[in-house]
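Report on the following structure.
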Amino acid sequence: MPAARVIAIVNQKGGVGKTTSAVSIAACLGVAEKKTLLIDLDPQGNASSGVGIVDAPRQIYDALVSEVALDSLVSRTEIEYLGVVPAGTDLVGAEVELVSREARESRLREAIAPIRDQYEFILIDCPPSLSLLTIMSLVASDELLVPLQTEFFALEGITQLVKTIDRIKENLNPTLSIRGILLTMFDKRNKLSSEVDKEARNYFKDKVYKTVIQRNVRLSEAPSHGLPCVIYDKSCVGSKSYFKLAEEFKNKIVSAA
Ligand SMILES: Nc1ncnc2c1ncn2[C@@H]1O[C@H](COP(=O)(O)OP(=O)(O)OP(=O)(O)O)[C@@H](O)[C@H]1O
Ligand SMILES: [Mg+2]
């Protein structure tokens, strides 16, 4: 198998749909029998619980701090083709514990390297910050997916994110690119949603995915059942938008190669 595309789902703003998108896209790819690994890089562990994994004994922390092989940390999920490396509160300490470690920004990249040829896609769910964990994911990734919530202030903070990405490109990962901006929690009845949509497309042009993720209560219910929404209720509006997005996502990556 050729090396996996490594894609981080990143936005330092909280609650914009990073985890919902990471879990949903990973699940869609898995259902399509694309071998996919979801790495939870957020101490909140929402991506892990979103695929039904809580209190896993071994977590991404072990790979980053103790240099345990990532391969041995993969948990199986309901979907045969989807594995997950879970995260938990231990991860909060990782940043401090790595402080004096040389080349710590490259820890995740190094951990992923030996297993890249075992997957088609490796998705990384980032925490809502531009801290070391997010920096590690920017160094480890080929491409980024940036979810934008279609609400007021959606674009606020994006300049800072773009600056950080540029800095990483200059120093540590020259080929990193934003592959796609994803508009989330779109509400047809809210004029603001369409305004943010227009503004984002004006600014980021065709980097914005054509598929928009609708606001849909099923997407927020699914995690409490420990299932990706596309499994929990595959025909709801939210799942349909993620299935459509996954198609666009796969194609966009292929055309970029
Ligand atoms: N399209 C949607 N429709 C309805 N609810 C949604 C949608 N997308 C996400 N949500 C809900 O909004 C909340 C925030 O979403 P999510 O956890 O995916 O964001 P996040 O960016 O990962 O947050 P954090 O920054 O805390 O990690 C969650 O309760 C989630 O279930
Ligand atoms: Mg999250």
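Listed values, structure above:
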| item | result |
| --- | --- |
| Test: residue 244 is away from ligand 2 (no atom under 16 Å from the Cβ) and buried (at least 16 other Cβ atoms within 10 Å of the Cβ) | yes |
| When residues of segment 12-26 are limited to those that are part of a helix (DSSP H, G or I) and either within 6 Å of ligand 1 (Cβ to nearest atom) or β-branched (Val, Ile, Thr) (or both), the one nearest to residue 242 (Cα to Cα) | 25 |
| Hey, residue 48 at pLDDT 95 or above, surrounded by fewer than 21 Cβ atoms within 10 Å (Cβ to Cβ) and either within 16 Å of ligand 1 (Cβ to nearest atom) or farther than 21 Å from residue 229 by Cβ (or both) or not | no |
| Among (1) within 16 Å of ligand 1 (Cβ to nearest atom); (2) among the aromatic types (Phe, Trp, Tyr); (3) assigned to a helix (DSSP H, G or I) - the single one residue 153 does not satisfy | (3) |
| Close pairs (6 angstrom Cβ cut-off, 6 or more residues apart or separate chains): free of Cβ contacts under 8 Å to residues at least 60 places away in the same chain and within 12 Å of ligand 1 (Cβ to nearest atom) in segment 205-230, in a loop (DSSP other than H, G, I, E, B) and of a type in the set (A, V, I, L, M) anywhere | 215/185 |
| Scope segment 177-199; condition within 16 Å of ligand 1 (Cβ to nearest atom), outside any loop (DSSP other than H, G, I, E, B) and surrounded by 15 or more Cβ atoms within 10 Å (Cβ to Cβ); matching residues | 180, 181, 182, 183, 184, 186, 193, 196, 197 |
| Residue in segment 204-222 that is modelled with pLDDT of 95 or more, crowded, with 19+ Cβ neighbours inside 10 Å, within 16 Å of ligand 2 (Cβ to nearest atom) and part of a helix (DSSP H, G or I) present | yes |
| Filter pass, residue 197 being more than 24 Å from residue 120 (Cβ to Cβ) and touching a helix residue (DSSP H, G or I) at 6+ places or on another chain (Cβ under 6 Å) | no |
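Yes or no, residue by residue, for (1) assigned to a loop (DSSP other than H, G, I, E, B); (2) more than 16 Å from ligand 2 (Cβ to nearest atom); (3) buried (at least 24 other Cβ atoms within 10 Å of the Cβ); (4) touching a residue at least 40 places away in the same chain (Cβ under 8 Å):
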residue	(1), (2), (3), (4)
8	no, no, yes, yes
28	no, yes, yes, yes
37	no, yes, yes, yes
43	yes, no, no, yes
57	yes, yes, no, no
92	no, no, no, yes
100	yes, yes, no, no
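The values are calculated or read from the model by the stated rules, or taken from the named source; none is laboratory data. Being a predicted model, the structure only gives us computed values, none of them experimental. Ideal geometry is used to build each Cβ from the backbone, glycine not excepted, and the neighbour counts take in all protein chains shown.
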